[in-house]
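Engineer: Here you go, one structure.
The values are calculated or read from the model by the stated rules, or taken from the named source; none is laboratory data. In this text, all values refer to a predicted model and were calculated from it rather than measured experimentally. Counting neighbours? That spans all protein chains shown, and the Cβs are built from the backbone with ideal geometry, glycine included.
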Amino acid sequence: MKNIRDLDLNGKKVIIRVDFNVPIKNGIITDDKRIIESLQTINYALDNNAKVILMSHLGRVESEEDKKKNDLSVVAVRLEELINKKVLFINKTRGKILENAVNNMKEKDIILIQNTRYEDLDGKKESKCDLELSKYWASLGDIFINDAFGTSHRAHASNVGIASILPSAVGFLVEKEINSMLPIINNPKHPFTVILGGSKVSDKIGVIENLIDKADNIIIGGAMAYTFLKAMGINIGNSKVEEDKIDYCKELLNKTDKISLPIDHVVSNIIGEQARIVDIIEPSDIAVDIGPKTIKKYQEIILKSKTVIWNGPMGMFEYDLYKKGTSELCKVFNKDIISIIGGGDTASAIKNMHYEGNFYHISTGGGASLELLEGKTMPGIEVIK
Ligand code: ADP
Ligand code: MG
């Protein structure tokens, strides 16, 4: 896989596909982590006398209303502050104003182009990797760098489209994500434990199928545990269940004894208002987190592991009352365990609880990291290979 260091950037127009898909509330960026993470690659290009053309999507654009909501200009302002340099924002995704601005660039200049998904209003050109659009964007630059890990699992014009035309490489963020995760997913040190939680079995089947043979233990929590428990004939009360996945869970439980399920539970009748610890779930109970005995059992399995991959919180961590399962598991991780966190909610749970330091790698790409865990190849990376 070619890296930005492998290309001569001197005096070149370098299109960098970054991930500036930041959360924005009332016109204010509420978390600029993604902008900060792009700085290493942008600064490297500037240090090497490139003319830097930045592209990113922001949210989804399906209407004129969405265009207003997902205007990238706020990111240009924030980027300017962070990088301490003028960023020329072009409020267009094509046309004379953009072309003139690019033609007038000097070395070490930065241009940010408007949200690539503005092109989706006209026949989904960005998201469907339209050839004309890809050629047009490619015509603006000499070199393409993909540093948007979070969209690398999609074949869009602003990554796969341009990369299939221009000499291309990955940036530092993409390189770090791939190098931190792939060797571990493909070649874990044993004992190897996979922790799965979150809301749905159906979201995690791909991960289960890819890792079940390699894993020594599969620990299950979150809402998905209750579909498994129901498959075993255990009463789950009003807990969340996926009826159409019960047969899948039954088959899996018959096939393997690697799977651990909760042995006690935090339950409530009214979400957010109570937390009772039970071994047996009553008909009116909703299970919202794993219980203390389960926590202890899972902690012991984690501590015996050399590698742990974790996707999906153990409970409804958004409520303080129900975050203990997730936070108590976080506590036992340490630098002797090679650990990977995939999934957007799991990563944000860990960050909100301030346990980032306990883990080896927390992926920045929610859906993209899941696809790596599922063993899939990513179009945005393959095109560069
Ligand atoms: P990720 O984004 O890390 O892949 P998911 O999206 O699969 O994780 O799951 C996160 C969601 O799962 C959270 O919103 C959380 O509230 C929910 N969840 C966890 N445990 C339960 C439960 N027992 N009942 C209902 N929802 C749950
Ligand atoms: Mg999620």
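Engineer: Within the set of pairs 6 or more residues apart or between chains, which connect a residue that is touching a residue at least 24 places away in the same chain (Cβ under 8 Å) and closer than 15 Å to Ser199 by Cα inside segment 335-350 to a residue that is within 16 Å of ligand 2 (Cβ to nearest atom) and hydroxyl-bearing (Ser, Thr, Tyr) with Cβ atoms less than 6 Å apart?
Structural biologist: Listed by first residue and then by second, the contacts come to Gly342/Ser363; Gly342/Ser369; Ala349/Thr326.
Engineer: Quick check on my filter: what residues within segment 70-123 are basic (Lys, Arg), surrounded by fewer than 16 Cβ atoms within 10 Å (Cβ to Cβ) and in a loop (DSSP other than H, G, I, E, B)?
Structural biologist: Lys85, Lys86, Lys92, Lys106, Lys108 - these are the residues of segment 70-123 that are basic (Lys, Arg), surrounded by fewer than 16 Cβ atoms within 10 Å (Cβ to Cβ) and in a loop (DSSP other than H, G, I, E, B).
Let's see how each residue does on (1) assigned to a helix (DSSP H, G or I); (2) within 16 Å of ligand 1 (Cβ to nearest atom); (3) within 28 Å of Glu328 (Cα to Cα):
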site: Asn159; (1), (2), (3): yes, no, no
site: Ile162; (1), (2), (3): yes, no, no
site: Ile165; (1), (2), (3): no, no, no
site: Leu173; (1), (2), (3): yes, no, no
site: Glu177; (1), (2), (3): yes, yes, yes
site: Ser180; (1), (2), (3): yes, no, yes
site: Pro183; (1), (2), (3): yes, no, yes
site: Pro188; (1), (2), (3): no, no, yes
site: Ile195; (1), (2), (3): no, yes, yes
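Engineer: Among all residue pairs at least 6 apart or on different chains, which show Cβ distances below 6 Å where the first residue, located in segment 359-370, is over 13 Å from Ser180 (Cβ atoms) and touching a residue at least 24 places away in the same chain (Cβ under 8 Å) and the second is within 11 Å of ligand 1 (Cβ to nearest atom) and in a strand (DSSP E or B)?
Structural biologist: Hits for this filter: Leu370/Gly342.
Engineer: If a residue must be farther than 18 Å from Ile220 by Cβ and surrounded by fewer than 15 Cβ atoms within 10 Å (Cβ to Cβ), how many such residues does segment 284-302 contain?
Structural biologist: Total satisfying the criteria: 1.
Engineer: Something else: Can you name the residue in segment 126-140 that is in contact with a Gly (Cβ under 9 Å, 6 or more places away or on another chain), part of a loop (DSSP other than H, G, I, E, B) and charged (D, E, K, R) and, of all such residues, is surrounded by the fewest Cβ atoms within 10 Å (Cβ to Cβ)?
Structural biologist: Only one residue fits best here, namely Asp130.
Engineer: Taking Asp320 and the conditions (1) closer than 22 Å to Ile341 by Cβ; (2) charged (D, E, K, R); (3) in contact with a strand residue (DSSP E or B) (Cβ under 6 Å, 6 or more places away or on another chain), which numbered condition does it fall short on, given that it satisfies the others?
Structural biologist: (3)
Engineer: Checking Leu211 against (1) out of contact with any Ser or Thr (no Cβ under 8 Å at 6 or more places or on another chain); (2) closer than 13 Å to Lys240 by Cα, which single condition isn't satisfied?
Structural biologist: (2)
Engineer: (1) touching a residue at least 12 places away in the same chain (Cβ under 8 Å); (2) under 18 Å from the mean Cα position of the chain (by Cα); (3) over 18 Å from Val383 (Cβ atoms): which one isn't true of Glu175, the others all being true?
Structural biologist: (3)
Engineer: For segment 202-216, which residues satisfy the criterion of being in a helix (DSSP H, G or I) and either charged (D, E, K, R) or touching a strand residue (DSSP E or B) at 6+ places or on another chain (Cβ under 9 Å) (or both)?
Structural biologist: Listed by number, the residues that qualify are Asp203, Lys204, Val207, Ile208, Glu209, Leu211.
Engineer: Could you tell me whether segment 244-262 includes any residue that is farther than 18 Å from Ile212 by Cα, touching a strand residue (DSSP E or B) at 6+ places or on another chain (Cβ under 9 Å) and assigned to a loop (DSSP other than H, G, I, E, B)?
Structural biologist: Looking for residues that are farther than 18 Å from Ile212 by Cα, touching a strand residue (DSSP E or B) at 6+ places or on another chain (Cβ under 9 Å) and assigned to a loop (DSSP other than H, G, I, E, B), one finds at least one in segment 244-262, hence yes.
Engineer: Scan (1) within 24 Å of Ile259 (Cβ to Cβ); (2) in contact with a helix residue (DSSP H, G or I) (Cβ under 7 Å, 6 or more places away or on another chain); (3) within 16 Å of ligand 2 (Cβ to nearest atom) for the single condition Asp345 breaks and write down its number.
Structural biologist: Of (1) within 24 Å of Ile259 (Cβ to Cβ); (2) in contact with a helix residue (DSSP H, G or I) (Cβ under 7 Å, 6 or more places away or on another chain); (3) within 16 Å of ligand 2 (Cβ to nearest atom), only one is false for Asp345: (2).
Engineer: Output the residue which, of all residues in segment 200-253 that are at positive phi and surrounded by fewer than 20 Cβ atoms within 10 Å (Cβ to Cβ), is farthest from ligand 2 (Cβ to nearest atom).
Structural biologist: The residue in question is Gly233.
Engineer: Looking only at segment 338-356, which residues are surrounded by fewer than 19 Cβ atoms within 10 Å (Cβ to Cβ) and closer than 20 Å to Asn179 by Cβ?
Structural biologist: Glu356 - this is the single residue of segment 338-356 that is surrounded by fewer than 19 Cβ atoms within 10 Å (Cβ to Cβ) and closer than 20 Å to Asn179 by Cβ.
Engineer: Can you pull out the residues in segment 217-240 that are more than 25 Å from the chain's Cα centre (by Cα) and either modelled with pLDDT under 95 or in a loop (DSSP other than H, G, I, E, B) (or both)?
Structural biologist: Met232, Gly233, Ile234, Asn235, Ile236, Gly237, Asn238, Ser239
Engineer: Here is a follow-up. Kindly indicate which of Asn210, Asn254 is farther than 18 Å from Ile309 by Cβ, modelled with pLDDT of 95 or more and polar (S, T, N, Q).
Structural biologist: Result: Asn254 is the single residue among Asn210, Asn254 that is farther than 18 Å from Ile309 by Cβ, modelled with pLDDT of 95 or more and polar (S, T, N, Q).
Engineer: Can you name the number of the only condition in (1) of a type in the set (A, V, I, L, M, F, W, C); (2) in contact (Cβ under 8 Å) with a residue 40 or more places away in the chain; (3) in contact with a strand residue (DSSP E or B) (Cβ under 7 Å, 6 or more places away or on another chain) that Met378 fails?
Structural biologist: (3)
Engineer: So which residues in segment 129-184 are closer than 30 Å to Thr307 by Cβ and small (Gly, Ala, Ser), if there are any at all?
Structural biologist: Within segment 129-184, Ala148, Gly150, Ser152, Ala169, Gly171, Ser180 qualify.
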